[in-house]
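The values are calculated or read from the model by the stated rules, or taken from the named source; none is laboratory data. Computed from a predicted model, the values in this text were never measured in an experiment. Cβ: placed from backbone, ideal geometry, glycine included. Neighbour counts: every protein chain shown. The accessibility values were calculated without ligands, DNA or RNA, using every heavy atom of the protein model including side chains. Shrake-Rupley method; radii C 1.70, N 1.55, O 1.52, S 1.80 Å.
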Amino acid sequence: NLYDYLAHNPLPQVECPREGYEIFRYLLCQATAARRKRLLEAVARWGLALYGNWRDSVSYNSSLREGLKGPLPIEEEPSLFAQGGIFINIHSVGHVTGPNMRFFNVPGMGGFLLSDGQFGDYLRDGQEMVSFHSEKELVEKVAYYLQHPAEMDEIRHNGHARVCQDWTYSRWLDEVFAAVKGGSVSSLSGK
């Protein structure tokens, strides 16, 4: 564990714990970016569309360069996810608190989700989304689902239905209000 190591073995140049933490965060972000690039380069042969601010972090000779699309305006997300295809979700290194929002947004807007992480408590693996745990497994699953679009469509449909049933913002807020106050979003809005 890098954080524990740096906490117990401070770098000689570091003057305070805050500076040590900033170094840890920087290294964690660099490791996350390197992992994402490595995983995506492994599947780039099938063609990728990469949305976000990748331009400065992808080398000129990277196979990812031709797929750079720039930031995706939020109002365009639903139509993009509903078009089909495989949407790959890669969590940050050390992301252990739960799935990121893309984990829910992709199937919630009708997309097929292929994600790292072990979040079967939220969406069932192989039924409502598909997970991968290694570069090799990512490559195998992309190849498989591109050859089996009917299976991909069934999982996409199941994932969308599950997110709409169990993982909407209003449902989450209802649970938070119920746990904190015994109220709900519905009772606050008069619905």
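Looking at (1) farther than 21 Å from Lys37 by Cα; (2) open to solvent by less than 50 Å² (accessible area, probe 1.4 Å); (3) of a type in the set (A, V, I, L, M); (4) at pLDDT 95 or above, which is the only condition Val142 fails?
(1)
How about the stretch 145-164: which of its residues are open to solvent by 50 Å² or more (accessible area, probe 1.4 Å) and more than 16 Å from Gly120 (Cα to Cα)?
If the condition is that a residue be open to solvent by 50 Å² or more (accessible area, probe 1.4 Å) and more than 16 Å from Gly120 (Cα to Cα), then Leu146, Gln147, His148, Pro149, Ala150, Glu151, Asp153, Glu154, His157, Cys164 are the ones that fit.
Here is a check on your reading of the model: is Ala31 in contact (Cβ under 8 Å) with a residue 12 or more places away in the chain, among the small types (Gly, Ala, Ser) and over 24 Å from Leu123 (Cα atoms)?
Working: in contact (Cβ under 8 Å) with a residue 12 or more places away in the chain: yes; among the small types (Gly, Ala, Ser): yes; over 24 Å from Leu123 (Cα atoms): yes.
Judged against the criteria, Ala31 is a match.
Among the strands (runs of 3 or more DSSP E) confined wholly to the stretch 39-132, which include 3 or more residues that are open to solvent by less than 20 Å² (accessible area, probe 1.4 Å)? Working first, answer last.
Numbers: elements: 68-70, 86-89, 112-115.
Strands (runs of 3 or more DSSP E) meeting the threshold: 112-115.
Quick check on the stretch 81-94. Is at least one of its residues without any contact (Cβ under 8 Å) to a residue 24 or more places away in the chain and either under 25 Å from Leu28 (Cα atoms) or aliphatic (A, V, I, L, M) (or both)?
For the stretch 81-94, residues without any contact (Cβ under 8 Å) to a residue 24 or more places away in the chain and either under 25 Å from Leu28 (Cα atoms) or aliphatic (A, V, I, L, M) (or both): absent.
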